[in-house]
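S.K.: Here it is, the structure, as structure tokens.
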Amino acid sequence: MFPMTKKLYIETVGCQMNVLDSELVVASLRKEGYELTDSPQAADTVLFNTCSVRQHAEDKIYSALGRLKNAKQENPDKIIGVLGCMAQKDQKLIFQRAPYVDLIVGPGQLHQVPQLISEIADGAGQQMEVSLGRKDGGRAEIERSHESFDPLRDPTMRPTPYQAYVRIVIGCDKFCTYCIVPSVRGPEQSRPPAQILAEARQLASEGCKEITLLGQTVNSYKFKEGERTTRFSDLLNAVHEIPGIERIKFVTNYPKDMTDDVLETVRDLPKLAKYLHVPLQSGSDAVLDRMKRGYTTDDYREMHDRIREWLPRAAVSSDFIVGFCGETEDEFQATMDSVREYRFKNSFIFKYSERPGTKGAERYPDDITEEVKRERNNRLLDLQNEISEADNQDFLGREVEVLVEGPSKTATRKDEADGPVLQLTGRTMCDRIVVFEGNQRQIGETLPIAIYDANAHTLFGNVVTQHVGPELFTLGV
Ligand code: SAM
Ligand code: SF4
């Protein structure tokens with residue numbers, strides 16, 4: 001007899017690392033006969049892959065768990081699991097706050113999920129597997145306890161089958177004072193290049209065209225094997241050789257590790273996106289020092305000047321934290337000035353959220369009121385939007401190459417004489433979002449698009465059709 005199909009509901013919060021981890025967990029559970037459902041009520045197993053970078057992300061998960069309490073009472077066989085960064089951070093506290101949770105698994109132990117679920121189903125009771133904390137042993141031992149979990153892939157869990165994330169660095173050693181990541185994701189470890197390349201080749205053979213290399217500090221990648229050291233730029237060159245891969249992106253960059261060999265590689269290799277996400281976090285030296293970011297505003301300026309020398313047209317984007325401990329109005333103004341100076345393509349702006357266990361929480365009071373944080377967030381966002389919109393206007397009348405990702409979020413469908421027309425979305429080589437009308441068959445293709453309109457977040461265009469006749473070559477815009 002065939003085993004019955006079991007239904008899995010999985011919800012993912014947080015960064016690209018978590019999206020990738022969920023893809024891998026789903027792939028491993030499919031092998032055990034699970035199928036995805038979009039209803040937590042109908043699921044045999046409900047998993048939350050969590051984030052602990054900000055309090056808000058954790059609150060969302062505890063509320064979602066609260067909503068499942070009755071469902072668990074009605075069906076005690078339903079397995080509820082909390083995976084990822086919040087599992088590593090809160091550990092048994094999750095069992096205390098939500099005693100009906102069956103499973104807690106940290107990001108370094110995700111390979112154990114299928115086995116643990118099967119033990120719970122067999123009546124073993126609550127299970128927890130987490131990695132060692134940063135002070136719980138020698139470095140090698142802690143590194144081993146944060147295992148990279150990457151070989152299995154599940155194309156159906158990816159945003160599109162043409163795009164995939166590949167992890168190249170796990171963990172982080174920078175210890176910015178506000179950040180929980182080094183505690184929950186463990187020490188910085190670069191994966192062996194052979195593993196990364198095998199995974200990228202496999203993805204290309206499945207039809208994947210765009211690969212985004214992931215690391216908290218992706219450009220810090222370095223792998224030593226005997227006498228041989230593979231630098232980040234060497235890895236980029238090797239991935240570039242893989243047939244079928246058309247685009248390569250990488251996030252997130254650490255400003256101090258943006259070396260000239262990386263910039264030269266991005267300039268010279270055509271498949272590399274001309275887009276660099278290099279968070280500045282604050283425009284004030286005093287705040288950067290309190291954040292222990294490891295660079296000054298002059299260091300960042302020097303790096304940005306080099307980006308402009310090597311890649312004059314590349315898009316650069318940033319992250320900012322507003323309302324960090326003790327941030328004065330003048331210090332915040334310095335951040336506003338830096339956004340004016342660098343004219344980032346876009347910025348992700350966050351209100352500081354104190355994380356217990358970080359140096360920031362130990363050393364500095366979280367003394368900026370929520371109201372001031374919100375107000376600074378809005379002012380910075382308004383300024384960034386103004387800049388993004390003005391810079392996007394430069395694209396009017398220009399033609400860009402777009403990898404088509406799928407229907408746009410607000411997709412409208414019209415049926416016309418030559419078939420249904422869909423509103424599609426994709427991205428340029430410099431990571432700008434483009435919306436245009438097309439058809440289903442164009443998803444996954446790289447198309448020339450002529451831009452006729454733009455706002456702060458999106459370019460709007462038409463597919464450029466090429467009519468090649470005797471001595472006739474027209475661009476139908
Ligand atoms: N490793 C990346 C880097 O160094 O830029 C980013 C990792 S973090 C998951 C993404 C962003 O979240 C950070 O760049 C920072 O702006 C923000 N962030 C991290 N900790 C935060 C906190 N405690 N409160 C608010 N924002 C935070
Ligand atoms: Fe967090 Fe800083 Fe590491 Fe980024 S570099 S993950 S912000 S500690």
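S.K.: Can you tell me how many residues within region 41-56 are within 16 Å of ligand 1 (Cβ to nearest atom) and either in a helix (DSSP H, G or I) or more than 11 Å from residue 14 (Cα to Cα) (or both)?
M.R.: Residues that pass the stated criteria total 2.
S.K.: Give the residue that is surrounded by the most Cβ atoms within 10 Å (Cβ to Cβ), with candidates limited to residues of region 292-302 that are part of a loop (DSSP other than H, G, I, E, B) and within 15 Å of ligand 1 (Cβ to nearest atom).
M.R.: Out of the qualifying residues, it is 293.
S.K.: Something else about it: Report, ordered by the first and then the second residue, all pairs with beta carbons closer than 6 Å, sequence separation of six or more or different chains, a first member in region 316-329 that is without any contact (Cβ under 8 Å) to a residue 60 or more places away in the chain, and a second member that is more than 10 Å from ligand 1 (Cβ to nearest atom) and part of a strand (DSSP E or B).
M.R.: The qualifying pairs are 316/276.
S.K.: Another one. I need the helices (runs of 4 or more DSSP H) fully contained in region 102-190, keeping only those with at least 1 residues that are of a type outside the set (Phe, Trp, Tyr) and away from ligand 1 (no atom under 16 Å from the Cβ).
M.R.: Filter on region 102-190 gives 113-121, 139-145.
S.K.: Considering only residues of region 274-286 that are buried (at least 22 other Cβ atoms within 10 Å of the Cβ) and of a type in the set (Gly, Ala, Ser), which is nearest to ligand 2 (Cβ to nearest atom)?
M.R.: 282
S.K.: Here's a check for you: in region 330-372, which residue that is within 14 Å of ligand 1 (Cβ to nearest atom) and without any contact (Cβ under 8 Å) to a residue 12 or more places away in the chain is surrounded by the most Cβ atoms within 10 Å (Cβ to Cβ)?
M.R.: Filtering first and then ranking leaves 361.
Let's see how each residue does on (1) within 14 Å of ligand 2 (Cβ to nearest atom); (2) modelled with pLDDT of 95 or more:
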{"position": "174", "(1), (2)": "yes, yes"}
{"position": "179", "(1), (2)": "yes, yes"}
{"position": "190", "(1), (2)": "no, yes"}
{"position": "199", "(1), (2)": "no, no"}
{"position": "202", "(1), (2)": "no, no"}
{"position": "207", "(1), (2)": "no, no"}
{"position": "210", "(1), (2)": "no, yes"}
{"position": "222", "(1), (2)": "no, yes"}
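S.K.: Output the qualifying pairs, or none if there are none: Cβ atoms under 9 angstrom, residues six or more apart or on different chains, first residue in region 268-282 and on the phi > 0 side of the Ramachandran plot, second residue of a type in the set (S, T, N, Q).
M.R.: Pairs that qualify, where the first residue is on the phi > 0 side of the Ramachandran plot and the partner is of a type in the set (S, T, N, Q), are 281/318; 281/335.
S.K.: May I ask you to say which residue of 59, 21, 77, 38 is over 20 Å from the mean Cα position of the chain (by Cα), of a type outside the set (S, T, N, Q) and within 16 Å of ligand 1 (Cβ to nearest atom)?
M.R.: From the options 59, 21, 77, 38, the qualifying one is 59.
S.K.: Among the residues in region 170-185, are any of a type in the set (S, T, N, Q) and buried (at least 17 other Cβ atoms within 10 Å of the Cβ)?
M.R.: yes
S.K.: While we're looking at this one, here's another question. If the requirement is being assigned to a helix (DSSP H, G or I), free of Cβ contacts under 8 Å to residues at least 40 places away in the same chain, within 16 Å of ligand 2 (Cβ to nearest atom) and over 20 Å from the mean Cα position of the chain (by Cα), which of these qualifies: 261, 305, 289?
M.R.: 289
S.K.: Name the one entry in 378, 385 that is free of Cβ contacts under 8 Å to residues at least 24 places away in the same chain, in a helix (DSSP H, G or I) and under 24 Å from the mean Cα position of the chain (by Cα).
M.R.: Just one listed residue meets the conditions, 378.
S.K.: I need the full set of residues from region 214-230 which are hydroxyl-bearing (Ser, Thr, Tyr) and farther than 23 Å from residue 17 by Cα, in order please.
M.R.: 229
S.K.: Does residue 215 satisfy the criteria of being of a type in the set (Gly, Ala, Ser), crowded, with 19+ Cβ neighbours inside 10 Å and in contact with a helix residue (DSSP H, G or I) (Cβ under 6 Å, 6 or more places away or on another chain)?
M.R.: For residue 215, the condition - of a type in the set (Gly, Ala, Ser), crowded, with 19+ Cβ neighbours inside 10 Å and in contact with a helix residue (DSSP H, G or I) (Cβ under 6 Å, 6 or more places away or on another chain) - is not met.
S.K.: I would also like to ask the following. Being out of contact with any Asp or Glu (no Cβ under 6 Å at 6 or more places or on another chain), away from ligand 1 (no atom under 16 Å from the Cβ) and in a strand (DSSP E or B) is the requirement here; does residue 444 meet it?
M.R.: Answer is no for this residue.
S.K.: Could you check how many residues of region 33-60 are touching a residue at least 60 places away in the same chain (Cβ under 8 Å), of a type outside the set (Lys, Arg) and farther than 14 Å from residue 103 by Cβ?
M.R.: The number of residues fulfilling the criteria is 5.
S.K.: If you don't mind, another one. Only residues that are farther than 20 Å from residue 84 by Cβ and among the charged types (D, E, K, R): list them for region 155-172, please.
M.R.: Of everything in region 155-172, nothing turns out to be farther than 20 Å from residue 84 by Cβ and among the charged types (D, E, K, R).
S.K.: Step by step: first the residues of region 218-229, then only those that are crowded, with 19+ Cβ neighbours inside 10 Å and either more than 18 Å from the chain's Cα centre (by Cα) or among the aliphatic types (A, V, I, L, M) (or both), then the one that is nearest to residue 359 (Cα to Cα). Which residue is that?
M.R.: Here the residue is 218.
The values are calculated or read from the model by the stated rules, or taken from the named source; none is laboratory data. It should be emphasised that the depicted structure is a prediction, and the values quoted were computed from it without experimental measurement. A quick note on method: Cβ atoms are made from the backbone with ideal geometry, for glycine too, and the neighbour counts reach across all protein chains shown.
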